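Notes follow the structure.
The values are calculated or read from the model by the stated rules, or taken from the named source; none is laboratory data. It should be emphasised that the depicted structure is a prediction, and the values quoted were computed from it without experimental measurement. Virtual Cβ from ideal backbone geometry, glycine too; neighbours counted across all protein chains shown. Keep in mind that these areas ignore ligands, DNA and RNA; they rest on the heavy atoms of the full protein, side chains included. Shrake-Rupley method; radii C 1.70, N 1.55, O 1.52, S 1.80 Å.
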Amino acid sequence: MSLEIVYINKEEDAKIKEGILLIAKDDLNLKDFALVDSTFKNGQTSNVFRHFFKFPEYRLNQGQYVLLFTGIGDDHDGVYKDKHFCRKIFWGLKKTILNDDEIESIEVLKVSTIDKKRI
């Protein structure tokens, strides 16, 4: 896949700590991707996604990072490990979603809008 999960930080502070770090393996537009999480029940992955986040339109070049914080904040450009470009994006949630005791599954999905209507 052209967008891969590098690291997941499960913390109690959604605004500045809890997040998912991903790297672009090819040049891409983030709007073509979404991130979902599900939990395991009795050793099996649930078929229900607890949370769904569709990335906004933003172009990344191969080797660049995106850090999705689950909390509230303003999206901005930054760096990762003081040298790598990193787009920082905020999901906008008021509480953490990855810090419970359940085993979780985080997935990156390639998505495409087939049709869109406003009503």
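The table below lists the values:
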item	result
Only listed residue being surrounded by fewer than 17 Cβ atoms within 10 Å (Cβ to Cβ) and either modelled with pLDDT under 85 or in a loop (DSSP other than H, G, I, E, B) (or both), chosen from S38, S105	S105
Among the residues listed as T113, T96, the single one being at pLDDT below 90 and open to solvent by less than 50 Å² (accessible area, probe 1.4 Å)	T96
Selection from the stretch 58-73 of residues that are open to solvent by 70 Å² or more (accessible area, probe 1.4 Å) and either at pLDDT 95 or above or of a type in the set (F, W, Y) (or both)	R59, N61, Q62
The stretch 1-19 - residue that is charged (D, E, K, R) and at pLDDT 60 or above and, of those, farthest from the chain's Cα centre (by Cα)	E12
Residue tally, condition of a type in the set (D, E, K, R) and in a strand (DSSP E or B), over the stretch 108-119	1
